[in-house]
1. Being farther than 22 Å from Q10 by Cα and touching a strand residue (DSSP E or B) at 6+ places or on another chain (Cβ under 6 Å) is true for just one of G99, G130. Which residue is that?
2. Just a yes or no: is a residue in region 135-153 away from the ligand (no atom under 11 Å from the Cβ) and surrounded by fewer than 12 Cβ atoms within 10 Å (Cβ to Cβ)?
3. For region 76-85, state whether one or more residues are closer than 18 Å to E128 by Cα and either surrounded by 11 or more Cβ atoms within 10 Å (Cβ to Cβ) or basic (K, R) (or both).
4. Only residues in region 130-158 that are at positive phi count as the first member; pair them with residues that are of a type in the set (K, R), Cβ under 8 angstrom, at least 6 apart or cross-chain, and list the lot.
5. Does R9 count as over 16 Å from the mean Cα position of the chain (by Cα), more than 28 Å from D172 (Cα to Cα), touching a residue at least 40 places away in the same chain (Cβ under 8 Å) and away from the ligand (no atom under 16 Å from the Cβ)?
6. Only residues in region 31-51 that are within 19 Å of V74 (Cβ to Cβ) count as the first member; pair them with residues that are part of a helix (DSSP H, G or I) and within 13 Å of the ligand (Cβ to nearest atom), Cβ under 8 angstrom, at least 6 apart or cross-chain, and list the lot.
7. Given the criteria farther than 20 Å from R43 by Cα, over 13 Å from the mean Cα position of the chain (by Cα) and not aliphatic (A, V, I, L, M), does F139 qualify?
8. With respect to G120, is the statement that it is touching a Ser or Thr at 6+ places or on another chain (Cβ under 6 Å), closer than 30 Å to R9 by Cβ and at pLDDT 95 or above true?
Amino acid sequence: MIQTGSGTRQTTSDGRPWTLRPARPTDGRALAALFAEVRAEGRWLITTPAAVSQPSEGFWIAEMIRGAEHLALVAEADGEVVGNVLVNVDRNLTTDHIGVLAICIAEGWRDVGIGTELVGGAQEWARERGLRKVSLGVFPDNERAIAVYERCGFVHEGLRRQQYRSGDTYRDEVLMAWFPAEGAS
Ligand SMILES: CC(C)(COP(=O)(O)OP(=O)(O)OC[C@H]1O[C@@H](n2cnc3c(N)ncnc32)[C@H](O)[C@@H]1OP(=O)(O)O)[C@@H](O)C(=O)NCCC(=O)NCCS
């Protein structure tokens, strides 16, 4: 692992170089494209492709990064954004101690350690930011994501049954959370 001004250079478990770095406002379009690709797989994310305008999302993400209130990290490889983790801090006065984590890695770059590193980066930031809790929701059949969250110290908080509709079917949501003050992770 080599730390430089532009990020931390790392190597995937199958030997490919990549860099973990803070997102820049100019990443907005690439991130929107990444989210669109992962949504199009139709399995992992709550939002459906039709529900989001890619240019608007790119603009919104760039604004979010510019605001510097939340965390956005990217994984970059071969000059492309291949992964991202976001932690959005709740604005409500009674819940502004909580960050909500969302993550996605491009197909072709999964299962080689990037997700675990990104979650670790988010945890480091959450600790420094003084958050009490980082929470997330995940579909119960997303075993890989759940394995990563558990490995990083997230615990199961509950199950919201039939929380999301996908066509004619209803999908449950597993709630998980990590508490910086409690875990060693
Ligand atoms: C979920 C996701 C973020 C994980 O990131 P990743 O880079 O693929 O994860 P890592 O490579 O760091 O770790 C994956 C681990 O899960 C394990 N795994 C893979 N499939 C698994 C399964 N079906 N059951 C249990 N563990 C599994 C891998 O073996 C690996 O563990 P290991 O390092 O001990 O071998 C990424 O796969 C992704 O973006 N998926 C699509 C979008 C998504 O699901 N986002 C999260 C929505 S809540």
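1. Only one candidate qualifies: G99.
2. So in region 135-153, the residues away from the ligand (no atom under 11 Å from the Cβ) come out as 135, 153.
From what is left, the residues that are surrounded by fewer than 12 Cβ atoms within 10 Å (Cβ to Cβ) are none.
Within region 135-153 (the criterion being away from the ligand (no atom under 11 Å from the Cβ) and surrounded by fewer than 12 Cβ atoms within 10 Å (Cβ to Cβ)), the answer is no, since none of the residues qualifies.
3. Kept after step one, since they are closer than 18 Å to E128 by Cα, are these residues of region 76-85: 85.
Okay, now just the ones that are also either surrounded by 11 or more Cβ atoms within 10 Å (Cβ to Cβ) or basic (K, R) (or both), so 85.
Checking region 76-85: at least one residue is closer than 18 Å to E128 by Cα and either surrounded by 11 or more Cβ atoms within 10 Å (Cβ to Cβ) or basic (K, R) (or both).
4. Nothing qualifies.
5. Judged against the criteria, R9 is not a match.
6. Listed by first residue and then by second, the contacts come to W44/V38; W44/A145; L45/F35; L45/V38; L45/R39.
7. Details: farther than 20 Å from R43 by Cα: no; over 13 Å from the mean Cα position of the chain (by Cα): yes; not aliphatic (A, V, I, L, M): yes.
The answer is no for F139.
8. So G120 fails the test.
The values are calculated or read from the model by the stated rules, or taken from the named source; none is laboratory data. Since this is a predicted model, take the numbers as computed values, not measurements. No Cβ is skipped: glycine too gets one built from the backbone with ideal geometry, and neighbour counts run over all protein chains shown.
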